[in-house]
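Contents: one structure, followed by commentary.
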Amino acid sequence: MKVNYNSYTINAIMESGRRGLDQARLRMSVTGNNINNVNTEGYSRQGVVTEATTVMQSSNTTYEMSLISSTIRRMRDSFHYQQIIEENPSLGRWEEEHHQLELIEKIMNEPNDGAISNAMDTFFNSWEDLSQDLENQASRTLVRDSGDRLAKQFNIVGTQLSQTKESLNKQIQDEVFEINLLINEIADVNKQITKSQMNTSEFSTLLDRRDKAVSDLSKKMDIKITEKENGDMLIFSNGIVVVEGIDRNQIYTRTDSESNSQLFWDREDNEVQINNGKLKALLNTRDETIPQLEEELNNLVKAIVENVNSIHKESYNLEGNKGYNFFDSSGLDIYTMSLDKNIEESVSYISVSRNQGSHGNSDGAILMSALANERLMDNSTQTFKEYYLGTILTLGNLVNEAERLESVETDFVTFLENKKNEVSQVDADEELSNMIIYQQSYGAAAKLLSKANEMMTVLLSIV
């Protein structure tokens, strides 16, 4: 095929102008769409990508038109987007874990006058005060009230931890609901993508919508993604396919014997393995952090109740009787710790003497006071308070570590987002500048058509 580069027919000129108009109009449309979505979350800048020059054949002559064919493509950094999907689960986990641990730390309320450590100090110090005057009613009342306050402080912490677990259960159910919504959305968008014409604005918008849903899902649970040539996306989690094309695999919950929601895959009916993400943080706090804290506090309550009761039962009250418990012997955890009924009814049951005489001595009260400094916890290596403060220190370390990891992941994901946005984010100033250029291109193409029309008119008038 011979190409004539020197002689353009008027038809060729008009075709060149027409294509120029179409090209400028398309660019202005895409640029306007970018400007309209400058603040739309998840929107990727779209651009008109040009391809090789085309030719036009007229009669027996082929003309090199120097014109371009165009497609609309979104400007996207696939590499950094993939990295974001890989890092999002860790970010989602440590954001939520930090938040939940701070709530638990707030429940413990240390150090504070209304916290357990202060209540323990007050309780054991009250026995020392009583040892100075065994018949002093005010001192006896202080012993009873400080014991009651200590028990109630443990009860309050227990109630709040229990309520937190119930709240976590509800949050887990809500999170599963949101995960299922995202799974449905991704599968539905996959269906629309396969039906949409490639390299169009609608096609790019659908891809953005799916990317946003996948990014949101990756913060909630650990996933891997694979993109196919036809636009489909495969998503799986720990070997289980979550989304493949329009097929979806959702999560449902079952309640176990402790009223905790357990997670299962709908398609395989096997338990969901969650290793990262916001859902992991909620499960970890409910199933590990709170139970561990409860166990340590229960150990402390049991040791306090049993040791206080042991001394109290072997001591005599003012009437010369013994064998009374100070705390209810069945209340051996943070939920049930309470005063013995006799002590609640009358401070006369408080037993402080190791001598059965009418006045006795203060040996029992001194032994009670000395319990505060005896190493009765953790294989006889720690006092009550040391053991308790060790528990608080461990909790504080968990909070600090979660905060540190959250900060690390936030900085890294922000870095990746900035890198991705260098390619995909809309720059309003740049788009407005481009709009001016495309308007000028449109005007030039229109002028070319006008001149070609004038030439055609002149030629026709000659004929």
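The values are calculated or read from the model by the stated rules, or taken from the named source; none is laboratory data. All of these numbers come straight from a predicted model, not from anything done at the bench. When we count neighbours, we look across all protein chains shown, and the Cβ atoms used for this are built from the backbone with ideal geometry, even at glycine. The area values use the complete protein model at the heavy-atom level, side chains included, leaving out ligands, DNA and RNA. Shrake-Rupley method; radii C 1.70, N 1.55, O 1.52, S 1.80 Å.
Name the residue, out of Ser407, Ser338, Ser380, Ser310, that is more than 34 Å from the chain's Cα centre (by Cα), open to solvent by 50 Å² or more (accessible area, probe 1.4 Å) and at pLDDT 95 or above.
Only one candidate qualifies: Ser310.
Looking only at the range 336-355, decide whether some residue is among the charged types (D, E, K, R) and over 24 Å from Ser126 (Cβ atoms).
Scanning the range 336-355, I find no residue that is among the charged types (D, E, K, R) and over 24 Å from Ser126 (Cβ atoms), so the answer is no.
Just checking, which of Ser450, Ser441 is hydroxyl-bearing (Ser, Thr, Tyr) and surrounded by 12 or more Cβ atoms within 10 Å (Cβ to Cβ)?
From the options Ser450, Ser441, the qualifying one is Ser441.
What are the pairs with Cβ atoms under 9 angstrom where one residue, in the range 326-346, is within 16 Å of Ile116 (Cα to Cα) and of a type in the set (Asp, Glu) and the other, located anywhere, is open to solvent by 70 Å² or more (accessible area, probe 1.4 Å) and outside any loop (DSSP other than H, G, I, E, B)? Sequence gap at least six, or different chains.
So the pair list comes out as Asp333/Lys302.
Go through (1) out of contact with any strand residue (DSSP E or B) (no Cβ under 7 Å at 6 or more places or on another chain); (2) open to solvent by less than 60 Å² (accessible area, probe 1.4 Å); (3) in a loop (DSSP other than H, G, I, E, B) one by one and return the number of the condition Leu134 breaks.
If we test Leu134 against (1) out of contact with any strand residue (DSSP E or B) (no Cβ under 7 Å at 6 or more places or on another chain); (2) open to solvent by less than 60 Å² (accessible area, probe 1.4 Å); (3) in a loop (DSSP other than H, G, I, E, B), just (1) comes out false.
For Leu398, state whether it is touching a Leu at 6+ places or on another chain (Cβ under 7 Å) and within 30 Å of Asn298 (Cα to Cα).
Spelling it out, Leu398 is indeed touching a Leu at 6+ places or on another chain (Cβ under 7 Å) and within 30 Å of Asn298 (Cα to Cα).
Applying the selection to the range 424-438, what residues are open to solvent by less than 60 Å² (accessible area, probe 1.4 Å) and not in a helix (DSSP H, G or I)?
Scanning the range 424-438 gives a single hit, Val426.
Would you be able to say whether some residue in the range 204-212 is within 29 Å of the chain's Cα centre (by Cα), at pLDDT below 95, open to solvent by less than 20 Å² (accessible area, probe 1.4 Å) and among the acidic types (Asp, Glu)?
So far as the range 204-212 goes, yes, one or more of its residues are within 29 Å of the chain's Cα centre (by Cα), at pLDDT below 95, open to solvent by less than 20 Å² (accessible area, probe 1.4 Å) and among the acidic types (Asp, Glu).
I'd like to check something: does the range 78-91 contain any residue that is of a type in the set (Ser, Thr, Tyr), surrounded by 19 or more Cβ atoms within 10 Å (Cβ to Cβ), modelled with pLDDT of 75 or more and in a helix (DSSP H, G or I)?
yes
Considering only residues that are polar (S, T, N, Q) and surrounded by fewer than 16 Cβ atoms within 10 Å (Cβ to Cβ), look in the range 383-404 and name the one that is farthest from Ser90 (Cα to Cα).
Thr394
Which ones in the range 341-366 are closer than 22 Å to Val301 by Cβ and open to solvent by 10 Å² or more (accessible area, probe 1.4 Å)?
Lys341, Asn342, Glu344, Tyr349 - these are the residues of the range 341-366 that are closer than 22 Å to Val301 by Cβ and open to solvent by 10 Å² or more (accessible area, probe 1.4 Å).
State all residues of the range 227-248 that are at pLDDT below 90 and of a type in the set (S, T, N, Q); if no residue qualifies, say none.
Correct list: Asn230 only.
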